[in-house]
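Enquirer: Take a look at this one; I'll ask things after.
Here, each number is a calculation from the coordinates, and none is a lab measurement. Note that the structure is a prediction, hence the values are computed from the model and not measured. Quick reminder, even Gly has a Cβ in these numbers, built from the backbone with ideal geometry, and neighbours come from all protein chains shown.
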């Protein structure tokens, strides 16, 4: 797989895509605005980081008010997750460009006005394909994106949309903590800057609400999972969003043992051409008797936490798989 470009990462980084934009021009032949090229270097900022204790990441808030609502949206063979707590909202990924009408309709039905956070976990089209449409329609405070770029039309569209809102990508640092209403979340990955697979640039998030915890892994593969464990992060979580749509490249035994989830959610398309989820992954989940909720069987999955108890709007799905 082709190696992905990275944002230049040094102190006070405010750099994106000058070189990538030029490559994109040659590659795509459709960036004609020279003013755009002049301003691309202002699209990225790096968040500051206070020292944290990895072993106690994302401190528990015992007294919470209201519910945390997580929608694992059915966007086919893709990922998109809406998280709401009180008036605060976060969207992790936006599915493919083909699902934009369904995604925007879903967000409209939920009466979303703006986002505190939009997260593009990594550059693949099945995760950021409709995020330019989300950016065009909704205001947002912070757009979290990893330290990587791509020479694709999808990525170009997202950059342009963020620029036109006079916003920036924020590259979060591992260990960084954020608040979402009365919930808190911490960045656990990516921990490297030179991956051959774009999947390992995926932003991995652990979210805590009261005593309940949730892990969102994007397409992070076993390399990233191992790095997270090596960093000493407490990855235990009540609900695991299974990495990379149930592929064999993710959900290593060591990582699954460390997370030890009570529930697992897989975002995957029905009868997809990638043969996902795989036998290897599903057998790991079944061996641990972890109830699995999956968008290919149950559509959009709503998960609600009151800070102590977790409920789902549907019954668990099957352990059915496609051959590795």
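Enquirer: Determine, at each q value in 0.23, 0.25, 0.33 (inverse angstroms), the log₁₀ of I(q)/I(0) that the Debye formula gives when each Cα of the range 254-294 is one equal point scatterer.
Expert: -0.81, -0.92, -1.25
Enquirer: What distance in nm separates the simple spin-label points at residue 288 and residue 322, each placed 7 Å from Cα in the Cβ direction?
Expert: Label at residue 288, label at residue 322, 2.4 nm between them.
Enquirer: Return, ordered by residue number, the residues of the range 174-197 whose backbone nitrogen is under 20 Å from a label point located 7 Å along Cα→Cβ of residue 211.
Expert: Under 20 Å, as judged by backbone N against the label point of residue 211, lie 182-185 of the range 174-197.
Enquirer: Same structure again: Which stretch or stretches of the range 198-233 have amide N atoms under 20 Å from the point lying 7 Å from residue 63's Cα along the Cα→Cβ direction?
Expert: Residues passing the 20 Å test: 208-212.
Enquirer: Further question: Quick one: if the Förster radius is 25 Å, what FRET efficiency do residue 302 and residue 271 give, using the C-beta to C-beta distance and rounding to 0.05?
Expert: Details: r = 24 Å, r/R0 = 0.94.
Once the sixth-power term is evaluated, E becomes 0.60.
Enquirer: May I pose another question? Could you give the length gained by full extension between residue 108 and residue 47, i.e. 0.36 nm per residue of separation minus their alpha carbon distance, to one decimal place?
Expert: Stretched out fully, the residue 108 to residue 47 stretch lengthens by 19.0 nm.
Enquirer: For residue 152 and residue 101, what is the calculated FRET efficiency with R₀ set at 22 Å and r taken between the beta-carbons, to the nearest 0.05?
Expert: 0.55
Enquirer: Describe numerically, in nm with one decimal, the distance between label points set 7 Å from Cα along Cα→Cβ at residue 315 and at residue 193.
Expert: If labels sit at residue 315 and residue 193, their model points lie 5.1 nm apart.
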